[in-house]
Amino acid sequence: MCSSDLFVWVLGNHDPTPPEGLPGEWVPELRLGPLRFRHEASAGAAPGEVVGHHHPKATVDARGGAVSRPCFVVGGDRVMMPAFGAYTGGLDVASPAIATVFPRGGRVFLLGKDRLYSFGLDAARRAPPPAPQGQPDLFAPVRESRGGPRGHQPGPSGIRLYGAGGRGAPA
């Protein structure tokens, strides 16, 4: 795959130097038109910035218990991407470290099994602290979307549910 296309890898704290033998170009930042891809957010506003360092995750209540998943955080001129690797962990979106990157707030997008959950970052910041076993009860109960593939409905605590509609587990 790498032999037929040019791959550009953005260096980060887990990979500050390129692994030996991996083809492609290695850069600390990649600019493509109005977008800037970098590992960590810059200090201050950087229009079009796409970052990933914090590995954001969010938790919502669903039938059968809380569901914690990687998520995107969008606010102002910046998008924070999740990490989906098995060993990447994650930092809760209510963390002060994420609040520093989004001082004016933002929106969280969490992928469910058949839906996209969306809620304001401020709703996560107002949530109660996590339960001792790491399963916070942030947004009980989650309501299903019946709006069809493109439809959405407001859910509890400002959550918006996007998805295929119909019945079934929301996450």
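What follows is calculated from the coordinates using simple rules that are stated; it is not laboratory data. Worth saying up front: this structure is predicted, and the values here are computed from it rather than measured. Cβ placement follows ideal geometry from the backbone for every residue including glycine, while neighbour counts extend to all protein chains displayed.
Using DSSP to call loops (not H, G, I, E or B), can you name the chymotrypsin sites (Phe, Trp or Tyr not before Pro) in segment 1-52 whose Cβ has at most 16 other Cβ atoms within 10 angstrom?
Details: sites: 7, 9, 26, 37; in loops: 7.
Filter output for segment 1-52: 7.
Quick one: 3J(HN,Hα) in Hz for segment 79-85, Karplus 6.51/-1.76/1.60 with θ = phi - 60°, rounded, Gly and Pro as x.
In residue order, the calculated couplings are 10, 10, 8, x, 10, 10, x Hz.
Quick one: Karplus J couplings for segment 26-36, per residue in order, coefficients 6.51, -1.76, 1.60, θ = phi - 60°, nearest Hz, x for Gly and Pro?
After applying 6.51 cos²θ - 1.76 cosθ + 1.60, I find 10, 9, x, 8, 10, 10, 10, x, x, 9, 10 Hz.
If one computes the Cα centroid of segment 75-121 and of segment 29-60, what distance in Å separates the two points?
First find each Cα centre; the distance between them is then 11 Å.
Please compute the contact order of segment 24-123 in relative form: average sequence separation of alpha-carbon pairs under 8 Å and at least six residues apart, divided by the residue count, as a percent. Intermediate results must be reported in sequence, preceding the final value.
Details: 188 pairs, mean separation 21.3, N = 100.
Relative contact order, segment 24-123: 21 percent.
Restricting to DSSP loop positions (anything but H, G, I, E, B) with no more than 14 other Cβ atoms inside 10 Å of their own Cβ, which trypsin sites (Lys or Arg not before Pro) remain in segment 73-116?
Sparse-neighbourhood loop trypsin sites (Lys or Arg not before Pro): 104, 113.
Considering amide H positions built from the backbone, and no H for Pro or chain starts, which residues 5 or more places from residue 106, or on another chain, come under 5 Å of its amide H?
The list, which skips near neighbours in sequence, is 121, 122.
If you keep only loop residues by DSSP, which chymotrypsin sites (Phe, Trp or Tyr not before Pro) in segment 58-91 have at most 16 other Cβ atoms within 10 Å of their Cβ? Kindly include the intermediate steps, with their values, before the conclusion.
Details: sites: 72, 84, 87; in loops: 84, 87.
Within segment 58-91, the qualifying chymotrypsin sites (Phe, Trp or Tyr not before Pro) (loop, at most 16 other Cβ atoms within 10 Å) are 84, 87.
Using every Cα-Cα pair within segment 21-63, state what percent have a distance larger than 15 Å. Before the final figure, lay out the partial values.
On the way: 523 of 903 pairs.
Result for the distance tail: 58 percent.
What residues have an amide H closer than 5 Å to that of residue 112, excluding those fewer than 5 places away on the same chain, when H is modeled at 1.01 Å from N in the peptide plane?
Residues meeting the criterion, in which the H sits 1.01 Å from N, are 117.
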